[in-house]
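Inspection log for the structure reproduced underneath, given as structure tokens.
The values are calculated or read from the model by the stated rules, or taken from the named source; none is laboratory data. Note that the coordinates shown come from a computational prediction; the quantities given were computed from them, not determined experimentally. Ligands, DNA and RNA are stripped out before the accessible areas are found, and what is left, the full protein with its side chains, is counted by its heavy atoms. Shrake-Rupley method; radii C 1.70, N 1.55, O 1.52, S 1.80 Å.
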Amino acid sequence: MKRRTFIGLAGVLAAIVGATVAAQVPATEKPKQRTFALRTVDGKAFGSADLAGKPYLVFFGFTHCPDVCPTALFELSALLKDIGPAADRITPLFISVDPERDTAELLKLYMTSFDPRIIALRGDAAETKAAADAFSATYKKVPTASDSYTMDHTAGLFLIRADGRLQGMLDMHEPRETQLQKLKLLAAS
């Protein structure tokens, strides 16, 4: 039991140190340009310009996802609640990688199950690709046996500091304390 506790604490400390080191990137280095232009479920234009000077996080997914996406969004909702008022300083984004099926109406209904601070965004095929490319995220349509398809996609959450630099990734398999510390550091950026 002591070994398991030690290993767990070591993982938390490593994540905090890693996030702290990432947060100390010299200001002279230019952050990667993460330019994108999409629309909210209400049809309003929303893009990288709306996030200038604000810390935010991005999760790419789709509404027909059987497990990874809803689980990550439920867990993110709980994490935002757990960090309290600091969560209000972070803009969480859910970007659909399935423009064919994820209509604005469906995406709006889907998001009612999660924290209302999470902004759902969508675009056409070209806009979706440009947004994914801006974060070096991947996604791919995969046919299923039922003459339908699913989407393989990057499952981590991109944590972007207020200065536009990548703080790191939030992995839903990390210890909860590590996740909370990463979000608190992001909110403080």
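Working from Cα pairs under 8 Å separated by at least six residues, relative contact order for segment 75-169 is 20 percent.
Using a probe radius of 1.4 angstrom, the carbon and sulfur fraction of the accessible surface of segment 57-189 is 58%.
Over all directions, average the projected area of the Cα convex hull of segment 34-134 and note it in nm².
For the Cα atoms of segment 34-134, the hull's average projected area reads 6.0 nm².
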